[in-house]
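Data first, discussion second: the structure below is written as structure tokens.
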Amino acid sequence: METLEKYFKVTAQQEYEKNPQLSAADVEELLKWSNENINLYGKLIDLQIIMFLHACNYDKEYAKKVISQCYNLRAKKCTPFFTARDPAHPFNQKQLDVVNINIIPDEENQYSYIWSQLKIVDASQYFPTVASKLTFMAIELDQIEYGTKSGYRMVLDSNHFSLSHALRYSLSNARSLMTYVQEGTPFVIDKIYILNVTSGTERIYSMLKPFMSASLINKIIIKSASKTSDFIKTLPQTIVPKDYGGLAPIMKETNEILKQKLLDNRNYFLDEEKFRNGSVKDEVDTTVGEDDKDDINSFKNLSID
């Protein structure tokens, strides 16, 4: 396999027209650099480089660091999130029945909102690493279909998210996830809204906060159950699901659409994994909470509105 070009539904020319800051010379230079320095089983294409440059605010040297980290982390510390990505795998399918994951575009402002909520509240059926993996897969599909976005805004409804759910997080996986989110993503995470905060949410935030940069912390907005409804009214109502009183389709509907889109693009995910690793792993990582003895910070630094 040489490239993944056949799967992209946008063109480099469209990206140059959308992002006048893009330099063709920079893209060519980074293509040459990446093919000489990044260990893959295929070659990156201009569109993939453009995604990184855009995410790095067109800083060429910074983009080199992010490209390196992206593929290094995917191959090593973050393998649970980037292997066994076959959308047809029963375990991946099952997790989409447990967690509602939805992408709703804000076409006017070029953001995509990713809504997430529990559908099945039984904590024993919740696998946070798999849910995170599926979220990354959804973002990836959005990128190959629509190209660069101003950013992604995560809306995490933690209603029914209990301490039992929080205890299913692996500290080592969560730490690696924070590294990837801050150092290796070919997209911009603009905001993270955590709604209907619970004791389980507090536990996870306290566990992750020591691994977050000030920049990431400043992107997180946390709303208590009593403030969530009023906060949702401040969002563009075209991206708010009808479940929350907005104008977007209900979450069950958009979740089913995403499930089908993932299946329709199964060959992309299989080929993308071969592109990075040379083969496709079949065993889904189902690691849940470890008996970590690390000191978890108390909740006193959690800023909840």
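The values are calculated or read from the model by the stated rules, or taken from the named source; none is laboratory data. What you see is a predicted model, and the numbers here were worked out from it, not measured in a lab. Here the Cβ positions follow ideal geometry from the backbone for every residue, glycine too, while neighbour counts run over all protein chains shown. When the accessible area is computed, the model is the full protein with side chains, heavy atoms only, and any ligands, DNA or RNA have been set aside. Shrake-Rupley method; radii C 1.70, N 1.55, O 1.52, S 1.80 Å.
Could you pull out every whole DSSP H run in the chain that spans at least 24 Å of Cα extent along its own axis and averages -1.0 or higher on the Kyte-Doolittle scale? Spell out each step's value before the answer.
On the way: long enough: 128-146 (27 Å, 0.32).
Flagged H segments are 128-146.
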Counting only protein chains, not ligands or nucleic acids, how are ILE204, ILE257 ordered by accessible area (probe 1.4 Å), most first?
ILE257, ILE204
For the range 90-261, just say rounded, prolate or oblate: build the C-alpha gyration tensor, square-root its eigenvalues into a ≥ b ≥ c, call rounded for a/c under 1.5, and beyond that prolate if a/b exceeds b/c, oblate if not.
rounded
Where the accessible area of the chain is counted over protein heavy atoms with a 1.4 Å probe, how much of it, in %, is carbon and sulfur?
48 percent
Could you report the chain's accessible area per residue, 1.4 Å probe, as an integer in Å²?
46 Å²
Using +1 at the Cβ of each Lys and Arg and -1 at the Cβ of each Asp and Glu in the chain, identify which of LEU270, GLN95, ALA84 lies farthest towards the dipole's positive end.
GLN95
When the dipole is taken about the Cα centre of the chain, and only Lys, Arg (+1) and Asp, Glu (-1) are charged at their Cβ, what size is it in debye, to the nearest 20?
540 debye
Step by step: find N for the range 6-78, compute 2.2 N^0.38 Å, then divide the Cα radius of gyration by it. What's the final number?
1.08
Farthest towards the positive end of the dipole of the range 90-261, among ILE232, VAL155, ALA166 and with Cβ unit charges of +1 on Lys and Arg and -1 on Asp and Glu, lies the Cα of ALA166
In the set (1) -0.39, -0.61, -1.16; (2) -0.34, -0.55, -1.13; (3) -0.48, -0.65, -1.11, which value of log10 I(q)/I(0) by the Debye sum over Cα atoms at q = 0.08, 0.10, 0.14 Å⁻¹ was calculated from the structure you see?
(2)
Estimated D of the range 177-239 in µm² per second, where Rh is the Kirkwood radius over Cα pairs and Stokes-Einstein applies at 25 °C, 0.890 mPa s:
187 µm²/s
